[in-house]
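The values are calculated or read from the model by the stated rules, or taken from the named source; none is laboratory data. Since this is a predicted model, take the numbers as computed values, not measurements. Cβ sites come from the backbone with ideal geometry, for glycine too, and all protein chains shown count toward neighbours.
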Amino acid sequence: MGSALKTKDMYIGLKDRFLYNNDLNSIYILLALYDVEENISNIYPRYMCLKDIKKKIKSILKNRADSEHVAHNLGIIIHEDINRLELCFYLEGYQDGYKNVRFTNLLEKEVIKSYGIDYIYRSEGLGYFGSDDATCGVKEKCYRYIDENAGRQSQIENLTDEFINRIVKKKIENLDQQIEKQLKIDYDMHNIRIEEVSYTLTNEEVEKINTTILDNLILHLGKVYKEAFWIAVNDKVFRRYR
């Protein structure tokens, strides 16, 4: 087995342990390997997906009086899982973008043509191209290249589906056992009853929430991958002049 294949298998193993076992040591090792073997260190995902998911969950449960409380607490319960998945796709996108010579060359050529080589030397590399007229065409080509990669889209869909069904769905099903309980007081002229509120979800609610999370994640993670890919292409251009 070649060294490149061994390294790839090691990356996959570390990602799986981090993703499915929440093994933090694996992600630290992986990030260290990226820095040493790939010279990749600028990895900063934004973790933006959960806010929209909570809104969708609240909408699904709109006929329940406790919809806001359930959506809020479910967000707390699954947020670390969602963030792990987002980080893994960000890493994939960044690694693939950093290795992509085609778009690195295209962007470098356009930047030099439009701004001059001195601009790259003077720049701190804190901003990213693609929003200006000169380089937006390269960014559009880059995103189109990713969108047309059917294998990449299938990977996003399959991994997200597997992760949601293995890790997240059981937390939705067992929500009532994990959520912070509130007390409900019922009383009439003769009796006062104090009992814990049940947050058990119906099977239909579980399936709707699970599907909503899956659909939103597939859409969001595709964007995460593309954004990380493009950031890496920019970083590679700047790194050539350091």
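Some points to look at:
- Looking only at residues in the stretch 99-129 that are in contact with an Asp or Glu (Cβ under 9 Å, 6 or more places away or on another chain) and under 19 Å from residue 229 (Cα atoms), the one that is modelled with the highest pLDDT is 99.
- Scanning the stretch 140-160 for residues that are among the acidic types (Asp, Glu), exposed (fewer than 14 other Cβ atoms within 10 Å of the Cβ) and part of a helix (DSSP H, G or I) yields a total of 2.
- Within this structure, residue 91 fails the test of being at pLDDT below 90 and touching a Gly at 6+ places or on another chain (Cβ under 7 Å).
- Single residue of the stretch 161-180 satisfying the filter (part of a helix (DSSP H, G or I) and of a type in the set (S, T, N, Q)) that is farthest from residue 213 (Cα to Cα): 177
- Cβ-Cβ under 7 Å pairs, at least 6 apart or on other chains, the stretch 75-90 side over 14 Å from residue 171 (Cβ atoms) and touching a residue at least 60 places away in the same chain (Cβ under 8 Å), far side of a type in the set (Ser, Thr, Tyr) and in a helix (DSSP H, G or I): 89/225
- Picking from residues in the stretch 141-187 that are farther than 28 Å from residue 70 by Cβ and among the charged types (D, E, K, R), the one that is modelled with the lowest pLDDT is 152.
- Within the stretch 61-89, the residues that satisfy the criterion of being among the polar types (S, T, N, Q) and under 18 Å from residue 211 (Cβ atoms) are 63, 67.
For every residue, the table says whether it meets (1) modelled with pLDDT of 90 or more; (2) surrounded by 12 or more Cβ atoms within 10 Å (Cβ to Cβ); (3) over 18 Å from the mean Cα position of the chain (by Cα); (4) not polar (S, T, N, Q).
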position: 6; (1), (2), (3), (4): no, no, yes, yes
position: 11; (1), (2), (3), (4): no, yes, no, yes
position: 22; (1), (2), (3), (4): no, yes, no, no
position: 28; (1), (2), (3), (4): no, yes, no, yes
position: 31; (1), (2), (3), (4): no, yes, no, yes
position: 54; (1), (2), (3), (4): no, yes, no, yes
position: 61; (1), (2), (3), (4): yes, yes, yes, yes
position: 66; (1), (2), (3), (4): no, yes, yes, yes
position: 82; (1), (2), (3), (4): yes, yes, no, yes
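- Unmet criterion (only one of (1) touching a residue at least 12 places away in the same chain (Cβ under 8 Å); (2) in a helix (DSSP H, G or I)) for residue 112: (1)
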